[in-house]
Amino acid sequence: MSISMVFDLSEKLNEFIANGAPWDEIFLIYYTNFFLYYGVQFSYLLNFISVIWFTSKMAGNTEIVPILSSGVGFKRFLRPYFISSSILVLVTILMYNFVLPVSNKARIEFEETYYRVKVNKSNFRLQVTDNQMLYFYNYNASTNRIKRFTLETWQDHRLVNSFTSEIAYGDTLSKNWTFENCEIRKLGAFNDEVRYYENFDTTLNFGIKDLIFRPNIIESMDYKELNNFIKEQELKGSDDVPKFLLEKHKRWASPFAIFILTLIGVSVSSKKSRGGLGINLAIGFGICFLYIFSMQITTVAALNMGFTPFLAVWTPNIIFSFIAYFLYLKAPK
């Protein structure tokens, strides 16, 4: 984690200095939450390496053989590991869904202020309500200006109202809008009613922050907020819904990986080997690599190939559950 912080700081230092980021906020706000974020994200891997290291030390000191020889079964030997794992799983679930979102909010706000390039959108399309469709050509975050804004109202599969504007400005703190060179067209059965305005101020049922946001904003939402947000985005027909569902299911699948990797770790390292601790750690890192690689494959499949997000997140756990059971059968009894 310390090494990753050094690399991250070296990459972002110029932007931090250019944007006037205070040094106390860099370390006390950004990197404190940076450590917490990645610590929780990789908690199952940290636990896995710890299990391998601890069990390998016991095997290297010939402590496991006398335990099993005295009549203690391997299942009984596993009990303390799984008691500890249960505590870690519970803590990690709570961290993912309630503690980490608060931490992520501070980290993301810092990045938005001192590091990230502002969000820009082009050729945007969104269903804002059941009967309203929104289109715009371009959004410039620096000026909060939207070009070629079009809001259509449909009823019984028929366009009944169209609002277009060359330039639109949205208030980032409210749902107030200012439009320039706009046209309001009400479509009738035989003729249309059209009105033109050079300047037009109004309030809509959505604000600029409901349209333009980074996908990682979901990292700052707790369990209830995330569920409500996903429902809203599904109604709007957002293309990013699979990303949001992946985040939701990952908050449960990643903690349960602790159980699976704990069983693998004990099964692999409970036998004394000639290579000692080194060979067991090498095997452990290899399994970690395969686990992360399988997660990346299923994530890409969910985003680009229509694979179900729930299965995309849980498939690595299912696959490695079979591997864990196989290694458990081969472990010394």
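See the values below:
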{"quantity": "Residue list for the range 265-296, restricted to those being surrounded by 21 or more Cβ atoms within 10 Å (Cβ to Cβ) and of a type in the set (Gly, Ala, Ser)", "calculated": "265, 267, 269, 270, 284"}
{"quantity": "Residue match in the range 122-130 (condition: more than 19 Å from residue 216 (Cβ to Cβ), surrounded by 14 or more Cβ atoms within 10 Å (Cβ to Cβ) and of a type in the set (Lys, Arg))", "calculated": "no"}
{"quantity": "Search result, residues across the range 37-85 that are farther than 26 Å from residue 218 by Cα, among the small types (Gly, Ala, Ser) and surrounded by 13 or more Cβ atoms within 10 Å (Cβ to Cβ)", "calculated": "50, 56, 59, 60, 84, 85"}
{"quantity": "Criterion (in a helix (DSSP H, G or I) and farther than 27 Å from residue 82 by Cα) met by exactly one of 225, 193, 198, 247", "calculated": "225"}
{"quantity": "Residue list for the range 147-169, restricted to those being under 34 Å from the mean Cα position of the chain (by Cα) and β-branched (Val, Ile, Thr)", "calculated": "150, 153, 167"}
{"quantity": "Matching entry among 184, 208, 167, 218 (being touching a residue at least 60 places away in the same chain (Cβ under 8 Å) and among the aliphatic types (A, V, I, L, M))", "calculated": "208"}
{"quantity": "Residue tally, condition within 30 Å of residue 65 (Cβ to Cβ) and in a helix (DSSP H, G or I), over the range 304-331", "calculated": "11"}
{"quantity": "Subset of the range 304-325 [under 25 Å from residue 230 (Cβ atoms) and exposed (fewer than 15 other Cβ atoms within 10 Å of the Cβ)]", "calculated": "304, 305, 306, 311, 318"}
{"quantity": "Residue match in the range 21-31 (condition: more than 19 Å from residue 261 (Cβ to Cβ), not in a helix (DSSP H, G or I) and not assigned by TED's automatic domain parsing to the domain that holds residue 264)", "calculated": "yes"}
{"quantity": "Filter result (outside any strand (DSSP E or B), of a type in the set (D, E, K, R) and within 19 Å of residue 236 (Cα to Cα)) within the range 156-189", "calculated": "156, 175"}
{"quantity": "Criterion: without any contact (Cβ under 8 Å) to a residue 24 or more places away in the chain and among the small types (Gly, Ala, Ser) - qualifying residue of 278, 265", "calculated": "278"}
{"quantity": "Sole exception among (1) closer than 18 Å to residue 134 by Cα; (2) touching a residue at least 12 places away in the same chain (Cβ under 8 Å); (3) touching an Asp or Glu at 6+ places or on another chain (Cβ under 8 Å) for residue 196, by number", "calculated": "(1)"}
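The rows are residues; the columns are (1) assigned to a helix (DSSP H, G or I); (2) modelled with pLDDT of 90 or more; (3) out of contact with any Leu (no Cβ under 9 Å at 6 or more places or on another chain); (4) not assigned by TED's automatic domain parsing to the domain that holds residue 93.
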residue: 216; (1), (2), (3), (4): yes, no, yes, yes
residue: 233; (1), (2), (3), (4): yes, no, yes, yes
residue: 253; (1), (2), (3), (4): yes, yes, yes, no
residue: 262; (1), (2), (3), (4): yes, yes, no, no
residue: 283; (1), (2), (3), (4): yes, no, yes, no
residue: 289; (1), (2), (3), (4): yes, no, yes, no
residue: 302; (1), (2), (3), (4): yes, no, no, no
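The rows are residues; the columns are (1) among the small types (Gly, Ala, Ser); (2) at pLDDT 85 or above; (3) over 25 Å from the mean Cα position of the chain (by Cα); (4) assigned by TED's automatic domain parsing to the domain that holds residue 158.
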position	(1), (2), (3), (4)
74	no, yes, yes, no
83	no, yes, yes, no
91	no, yes, no, no
109	no, yes, no, no
125	no, no, no, yes
133	no, yes, yes, yes
137	no, yes, yes, yes
140	no, no, yes, yes
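The values are calculated or read from the model by the stated rules, or taken from the named source; none is laboratory data. Just so you know, these numbers come straight off a predicted model, no measurement behind them. Counting neighbours? That spans all protein chains shown, and the Cβs are built from the backbone with ideal geometry, glycine included.
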